[in-house]
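Q: One structure, as structure tokens, below. Some questions next.
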Amino acid sequence: MKGVWKAAVLFALPTLMAASSAWAQPPRPRLVVAIVVDQLSADLFEQYRDSFSAGLKRLSSQGVVFASGYQAHAATETCPGASTILTGMHPAHNGIIANSWIDDHARRADKMVYCAEDPDAPVAGDRGYRVSARNLLAKTLGDRLKAVDPASRVVAVAGKDRLAVLLGGQATDQLWFWSGTRFRTAADDGDPPSAVARANARARAAIAAPAPRTIPDSCRDHVDPQPLFPDAAMASSTPRPGDVRGFRASGMLDELTAGLAIDLAQEMKLGRGAATDILAIGLAATDYIGHATGAGSADMCVQMATLDRVIGELTDRLERMGTPFVLMLTADHGAPDAPERSRSHGNMAARRIGMQRVTRAINETIRAKLGVEAGARFISTDNASDIYLDPSATASRPVVAKIAKDALLALPEVEAVLTRDELVRAPKPTLPASQWSIADRAWASFYPTRSGDLVVLFKPYVTPMESPLPGSVAMHGSPWDYDRRIPILFWWPGAAPANPATEIQAVDIMPTLAAMVGLPLPAGATDGTCVALAQSGTWPCDPAR
């Protein structure tokens with residue numbers, strides 16, 4: 001009998017050890033890896049979750065998964081979304097209210113300000129600008145780590161400059177982004193590191209001689225029965241040699257971005273010093289593909305398989321580095337499908353509206369009501385939500401604002417119009433983000449010196465684009481949950497699989513990571529709070545740990 005018990009214990013020992021290690025608190029990370037997949041909505045993640053077989057399967061089956069987190073704000077674009085993740089601040093407090101905005105007080109003729117530019121630098125032709133984090137008014141996790149210990153290093157690599165800038169912050173040691181033809185940095189002077197030179201050589205080769213594209217059988221059901229967008233790049237077509245737009249709307253961009261990030265991490269020996277290091281990675285191809293062909297396209301199906309593979313290769317290489325790390329993966333925003341495909345599937349609410357036509361018509365309405373000459377401009381906009389009153393208009397601003405608001409509310413596509421005064425007076429929401437009113441969502445995106453005089457919120461599935469264009473058939477940016485809901489995943493070697501019921505926001509990510517690496521945050525430093533990642537208990541949020 002003793003031999004039987006001994007055999008039973010030995011047989012069960014691996015399972016008992018695995019369970020014990022799964023519940024053990026992991027070592028303090030020396031490296032934080034933050035991955036942001038541009039336009040990876042919670043809907044998209046859930047739709048393809050069962051088909052993942054590589055990296056995303058590992059993260060979603062072995063990590064801590066919040067399948068439906070929130071970018072709580074209304075302006076669900078890349079800049080606002082990216083700005084929340086490693087600052088822990090809503091756009092209302094970090095200043096990044098949109099991808100771009102109008103600043104009539106800018107000290108230059110061009111009053112449009114891009115989120116990732118130096119607003120004081122002169123703008124060159126064709127919107128040439130100086131890449132900078134100056135518009136970000138909050139500190140990132142990397143900024144805070146370096147303030148405590150300058151030995152901490154921050155590396156940000158992304159398929160868009162705005163992703164790299166807003167994840168890295170003010171004090172990046174290495175900042176690299178895809179510029180349209182190559183990976184470059186903000187200053188772009190001197191010889192790049194060898195990892196960048198290799199990535200650019202691979203990019204040049206891929207653009208000059210694109211690899212053939214095919215649609216696997218698993219994605220055949222996503223092929224439109226008839227072409228909805230004949231001019232859009234399709235997964236079944238191989239980009240022409242030299243087609244940089246076709247290259248960026250392919251998984252190859254993500255592959256090179258992730259490869260460059262981990263190459264730099266290895267060359268710089270991130271995570272092997274005494275201080276905690278940050279590696280921020282922005283994967284942009286999902287967004288380029290979503291805009292080009294829509295979330296329901298065969299291209300997106302192919303991209304989800306590619307993304308899964310890219311994350312798998314990245315996690316494998318991270319483990320081989322042999323340093324304690326934590327990986328967080330999330331998104332800057334979601335997106336609906338193209339209106340035409342949505343309608344073909346029965347969503348009759350899906351439709352388009354052209355913002356240029358809207359602003360033109362409202363200016364005409366204001367002129368008619370005020371009895372002023374044709375050609376006078378009273379309102380303008382640089383994005384779908386923010387309406388700015390022209391400072392040169394001689395009419396009373398409250399009168400103009402009232403006429404414009406009434407005209408906007410008369411449009412059947414408009415859900416709500418909020419004035420600057422209403423948003424300035426609005427209190428900070430206290431409910432979970434899933435219960436926020438539409439005004440709460442607009443509050444989280446509103447920064448008084450940058451936002452519009454009026455904030456327009458369209459009804460669900462209204463796309464503020466007159467007609468589909470080559471490379472742009474679908475859009476995001478609404479206050480609705482298909483744009484707000486995002487996956488948020490935490491993973492490290494030996495993590496205990498968990499799917500907590502806790503509601504989480506993007507602003508909760510930074511304080512959670514800060515707790516994991518032992519970085520104390522001052523009171524009021526973030527809009528978010530640390531979220532427990534253990535199946536039970538408060539780890540890593542217990543300050544007495």
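Residue-wise test of (1) surrounded by fewer than 21 Cβ atoms within 10 Å (Cβ to Cβ); (2) in the same structural domain as ASP43 (by TED's automatic domain parsing); (3) of a type outside the set (S, T, N, Q).
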| position | (1), (2), (3) |
| --- | --- |
| ARG484 | no, yes, yes |
| ILE488 | no, yes, yes |
| THR526 | no, no, no |
| THR538 | yes, no, no |
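Q: Now, a different point. Among the residues of the range 64-84, are any on the phi < 0 side of the Ramachandran plot and surrounded by fewer than 18 Cβ atoms within 10 Å (Cβ to Cβ)? Reasoning before the result, please.
A: Residues of the range 64-84 that are on the phi < 0 side of the Ramachandran plot, as a first pass: 64-84.
Narrowing the set further to residues that are surrounded by fewer than 18 Cβ atoms within 10 Å (Cβ to Cβ) leaves 67.
Yes: one or more hits.
Q: Which residues, taken from the range 390-402, are modelled with pLDDT of 85 or more and either under 20 Å from ALA74 (Cβ atoms) or among the β-branched types (Val, Ile, Thr) (or both)?
A: The first filter runs over the range 390-402 and keeps only residues modelled with pLDDT of 85 or more, leaving 390, 397-402.
Selection gives VAL399, VAL400, ALA401.
Q: Another one. Against the definition (of a type in the set (Lys, Arg) and over 26 Å from PRO80 (Cβ atoms)), how does ARG220 come out, yes or no?
A: Working: of a type in the set (Lys, Arg): yes; over 26 Å from PRO80 (Cβ atoms): yes.
It is true that ARG220 is of a type in the set (Lys, Arg) and over 26 Å from PRO80 (Cβ atoms).
Q: Also: Among (1) in contact with a helix residue (DSSP H, G or I) (Cβ under 6 Å, 6 or more places away or on another chain); (2) part of a helix (DSSP H, G or I); (3) closer than 20 Å to ILE102 by Cβ; (4) among the small types (Gly, Ala, Ser), there is one condition ALA361 misses while meeting the rest; what is its number?
A: (1)
Q: Let me ask something else. Across the range 314-342, which residue is surrounded by the fewest Cβ atoms within 10 Å (Cβ to Cβ) among those that are assigned to a helix (DSSP H, G or I) and of a type in the set (Ser, Thr, Tyr)? Please lay out each step first, then the result.
A: Filtering the range 314-342 down to residues assigned to a helix (DSSP H, G or I) leaves 314-321, 339-342.
With of a type in the set (Ser, Thr, Tyr) added as a condition, the list becomes 315, 342.
Working: THR315: 25, SER342: 21.
Selected residue: SER342.
Q: Please determine whether any residue of the range 207-215 is of a type in the set (S, T, N, Q) and at pLDDT 95 or above. Before the answer, list the steps.
A: Within the range 207-215, the subset of a type in the set (S, T, N, Q) is 214.
Filter once more, keeping what is at pLDDT 95 or above: none.
No, there is no match, as no residue in the range 207-215 is of a type in the set (S, T, N, Q) and at pLDDT 95 or above.
Q: Next question, about the same structure. Residues that are touching a helix residue (DSSP H, G or I) at 6+ places or on another chain (Cβ under 9 Å), over 30 Å from ARG58 (Cα atoms) and in contact (Cβ under 8 Å) with a residue 12 or more places away in the chain: which helices (runs of 4 or more DSSP H) entirely in the range 436-526 hold 2 or more of them?
A: 438-444
Q: On to the next question. Taking the residues in the range 110-120 that are farther than 29 Å from ARG485 by Cβ and in contact with a Lys or Arg (Cβ under 7 Å, 6 or more places away or on another chain) as candidates, determine which candidate is surrounded by the most Cβ atoms within 10 Å (Cβ to Cβ).
A: At the first step, the residues of the range 110-120 found to be farther than 29 Å from ARG485 by Cβ are 110-112, 117-120.
Those still in the list that are in contact with a Lys or Arg (Cβ under 7 Å, 6 or more places away or on another chain) too: 117-120.
Numbers: GLU117: 23, ASP118: 17, PRO119: 18, ASP120: 11.
Among them, the one singled out is GLU117.
Yes/no matrix, rows are residues, columns are (1) closer than 19 Å to PRO470 by Cβ; (2) of a type in the set (A, V, I, L, M); (3) assigned to a loop (DSSP other than H, G, I, E, B); (4) in contact (Cβ under 8 Å) with a residue 12 or more places away in the chain:
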| site | (1), (2), (3), (4) |
| --- | --- |
| ASP254 | no, no, no, yes |
| ALA261 | no, yes, no, yes |
| GLN266 | no, no, no, yes |
| ARG272 | no, no, yes, yes |
| ALA275 | no, yes, yes, yes |
| ASP299 | yes, no, no, yes |
| MET304 | no, yes, no, yes |
| GLY312 | no, no, no, yes |
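Q: Within the range 364-376, does at least one residue satisfy the condition of being modelled with pLDDT under 95, more than 19 Å from ILE488 (Cα to Cα) and touching a His at 6+ places or on another chain (Cβ under 6 Å)?
A: no
Q: Additional query: Just need a number here: residues in the range 401-426 that are in contact (Cβ under 8 Å) with a residue 24 or more places away in the chain, over 22 Å from THR449 (Cα atoms) and assigned to a helix (DSSP H, G or I).
A: 3
Q: Does ASP337 satisfy the condition of being within 30 Å of ALA285 (Cβ to Cβ), in the same structural domain as SER297 (by TED's automatic domain parsing), of a type in the set (Asp, Glu) and touching a residue at least 12 places away in the same chain (Cβ under 8 Å)? If you could, list the steps in order and put the result at the bottom.
A: Values: within 30 Å of ALA285 (Cβ to Cβ): yes; in the same structural domain as SER297 (by TED's automatic domain parsing): yes; of a type in the set (Asp, Glu): yes; touching a residue at least 12 places away in the same chain (Cβ under 8 Å): yes.
For ASP337, the condition - within 30 Å of ALA285 (Cβ to Cβ), in the same structural domain as SER297 (by TED's automatic domain parsing), of a type in the set (Asp, Glu) and touching a residue at least 12 places away in the same chain (Cβ under 8 Å) - is met.
Q: Still on this structure, I have one more. Is one or more of the residues making up the range 220-231 under 30 Å from VAL326 (Cβ atoms), in contact (Cβ under 8 Å) with a residue 40 or more places away in the chain and either crowded, with 19+ Cβ neighbours inside 10 Å or over 25 Å from the mean Cα position of the chain (by Cα) (or both)?
A: Start the filter on the range 220-231 by keeping residues that are under 30 Å from VAL326 (Cβ atoms), which leaves none.
No.
Q: For PHE52, are the conditions met, namely being aromatic (Phe, Trp, Tyr) and either modelled with pLDDT of 95 or more or at positive phi (or both)? Talk me through it step by step, then tell me what you get.
A: On the way: aromatic (Phe, Trp, Tyr): yes; either modelled with pLDDT of 95 or more or at positive phi (or both): yes.
The answer is yes for PHE52.
Q: While we're looking at this one, here's another question. Scan the range 85-109 for residues that are surrounded by fewer than 24 Cβ atoms within 10 Å (Cβ to Cβ) and in contact with a Phe, Trp or Tyr (Cβ under 6 Å, 6 or more places away or on another chain) and report the count.
A: 4
The values are calculated or read from the model by the stated rules, or taken from the named source; none is laboratory data. Worth saying up front: this structure is predicted, and the values here are computed from it rather than measured. No Cβ is skipped: glycine too gets one built from the backbone with ideal geometry, and neighbour counts run over all protein chains shown.
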